[in-house]
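Undergrad: Let me begin by handing over the structure; questions about it come next.
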Amino acid sequence: MSDQHWWALGVLAAVAAGLWAWRRWHYRSFWLVVGFPIVAITVRASWRKVALGCGLTKKRQRFWFTTVPGLVSSTGVIRVKRRFQRIAVDTKPFMWLPLPTRHGWRVTLHTLEGQIPGDYADVAERLAHSWGVHAVRVSSDKPGRVRLAATMRDPLVTVDQLPASTELLKVTVGRLETGGPWVVDFKTVPHWLNAGATQSGKSNLANALIVGLAPQPVALVGFDLKGGVEFTPYAPRLSALATSRAECGGLLDDLVALMTDRMGVCRMAGARNIWQLPPTLRPVPVVVLVDELAELYLMADKSEKDEIAKTSTALLRVAQLGRAFGIYLFCCGQRIGSDLGPGVTALRAQCSGRICHRVNDPETATMTLGDLDPAALDSARAIAAETPGVAIVASQDGQWYRARSFYVSEAAAEYAAHAYAGLAPAWADVMAAQPHELPDSQTA
Ligand SMILES: Nc1ncnc2c1ncn2[C@@H]1O[C@H](COP(=O)(O)OP(=O)(O)OP(=O)(O)O)[C@@H](O)[C@H]1O
């Protein structure tokens, strides 16, 4: 080989090594400058074939000019020996230019006549395989438009650290597959259902909430129906902890009384909720963490029937009215099936925040995510045991997302509970009757 060849080989090797290093150490800029333009060109260039293969094209009559009559190749060709022919061509949906996203790209399409976003969602897996990407998600924010969002690699395989919370009652507990933050915001979505089989990551999420809420002026209450093994280590930061159904019943009675009391305060002040009260009158918000929800409803014999009915009614009342009076629920459970009784179904209707980790039975997934897109159910059933913390989340924007919670060990949650123990208001103080008469300064 001549010197020139060696020189060219050396340059090529240096460029390849440079690109590899760039991709390895600063993937985002590499993706924007090198990866994305290549992918965008490939996607645009392959769109006709991909759309055809996925059944997203429509036949339309077109005039076609050819210098070789009879050689026009298209499906359903009307072969006539003329240079201008009217033939049926496969028309693909119009595609805008793809745009880069943090973990891939997105592109907007114009649907063809008779098509709905569901047609595209049905073939999302085919699209992902055709383009060699991890997943393609379909959404539509405007009639006649469909947005495809492709993720190149599963962004949820990496585990991240919990960031500090900056807003009251708002905790960034994980990351969505889009790369965006997964936020549990009790002021916007007051009550949550968190379902998942054992070892699916439910407690990890509760830990993330404890770490996020511990530094905030919030009263935390634990209902730990695993006999207290989950929440007892966090007791220093909890204002109240119930570890049996009887204790939960007592605490729920307290919460109902608290709610009634706060109703009175709001009525006197002409406020619709505690957030409209003047800061001096505004009571502390209460977040109730429930672990093993099903235990509240399981009946060993008929003697427990009345106790279960009472507990279930009180929990439902808290769920129905709690939002306005600053009482929020976060209910975790392995099974949330309708066989547990009508109380669970009614509670579910009140919980607009839905999180479904890996589950063992399809009914729990259906019960948790039931009224969402059926694709969300399929996605929930496909969560692998090797990725604990991955869940399907119904979000505030009415969409569903795959997400993964940040890893928060029990030790980290315990540390936060001890570090912020001083911020836990005593339950007696939380329960202390609120003034039902407005102070003069407030009435003036
Ligand atoms: N987001 C995550 N990232 C990494 N590891 C996680 C994540 N969530 C959970 N894990 C790990 O998975 C295991 C099970 O998690 P966790 O205890 O939260 O599950 P669980 O659903 O509460 O189980 P159980 O019902 O048995 O208590 C733990 O070892 C935990 O460290």
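The values are calculated or read from the model by the stated rules, or taken from the named source; none is laboratory data. Just so we're clear, the structure is a prediction, and the values are computed from it rather than from any experiment. Note that we place each Cβ from the backbone using ideal geometry, even for glycine, and neighbour counts take in every protein chain shown. Just the protein is used for accessible areas: all its heavy atoms, side chains included, with ligands, DNA and RNA removed. Shrake-Rupley method; radii C 1.70, N 1.55, O 1.52, S 1.80 Å.
Undergrad: Of all the residues that make up region 370-398, how many are in a loop (DSSP other than H, G, I, E, B), under 16 Å from LEU193 (Cα atoms) and in contact with a strand residue (DSSP E or B) (Cβ under 8 Å, 6 or more places away or on another chain)?
TA: Counting residues in region 370-398 that are in a loop (DSSP other than H, G, I, E, B), under 16 Å from LEU193 (Cα atoms) and in contact with a strand residue (DSSP E or B) (Cβ under 8 Å, 6 or more places away or on another chain) gives 4.
Undergrad: Cβ contacts < 6 Å: first residue within 21 Å of ASP224 (Cβ to Cβ), restricted to region 329-353; second residue among the basic types (Lys, Arg) and within 16 Å of the ligand (Cβ to nearest atom), any location; separation 6+ or different chain. Result?
TA: CYS332/LYS202
Undergrad: If we keep just the residues of region 305-315 that are of a type outside the set (Lys, Arg) and touching a residue at least 12 places away in the same chain (Cβ under 8 Å), which is surrounded by the most Cβ atoms within 10 Å (Cβ to Cβ)?
TA: This residue is LEU315.
So that you can scan it fast, the table gives a plain yes or no per residue for (1) among the β-branched types (Val, Ile, Thr); (2) away from the ligand (no atom under 16 Å from the Cβ); (3) open to solvent by 10 Å² or more (accessible area, probe 1.4 Å):
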site	(1), (2), (3)
ARG317	no, yes, yes
LEU321	no, yes, yes
VAL344	yes, yes, no
LEU347	no, yes, no
SER352	no, yes, yes
ASP361	no, no, yes
THR366	yes, yes, yes
LEU369	no, yes, no
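Undergrad: If you take the residues of region 323-332 that are on the phi < 0 side of the Ramachandran plot and either open to solvent by less than 10 Å² (accessible area, probe 1.4 Å) or among the aliphatic types (A, V, I, L, M) (or both), which of them is farthest from the ligand (Cβ to nearest atom)?
TA: My answer is ALA324.
Undergrad: Applying the selection to region 314-324, what residues are touching a strand residue (DSSP E or B) at 6+ places or on another chain (Cβ under 9 Å) and assigned to a helix (DSSP H, G or I)?
TA: Residues satisfying the conditions are LEU315, VAL318, ALA319, LEU321, ARG323.
Undergrad: Would you confirm, using the coordinates I've provided, whether VAL107 is of a type outside the set (Gly, Ala, Ser), buried (at least 16 other Cβ atoms within 10 Å of the Cβ), touching a residue at least 60 places away in the same chain (Cβ under 8 Å) and within 16 Å of the ligand (Cβ to nearest atom)?
TA: Answer is no for this residue.
Undergrad: State all residues of region 407-422 that are within 11 Å of the ligand (Cβ to nearest atom) and buried (at least 22 other Cβ atoms within 10 Å of the Cβ); if no residue qualifies, say none.
TA: VAL408, ALA413
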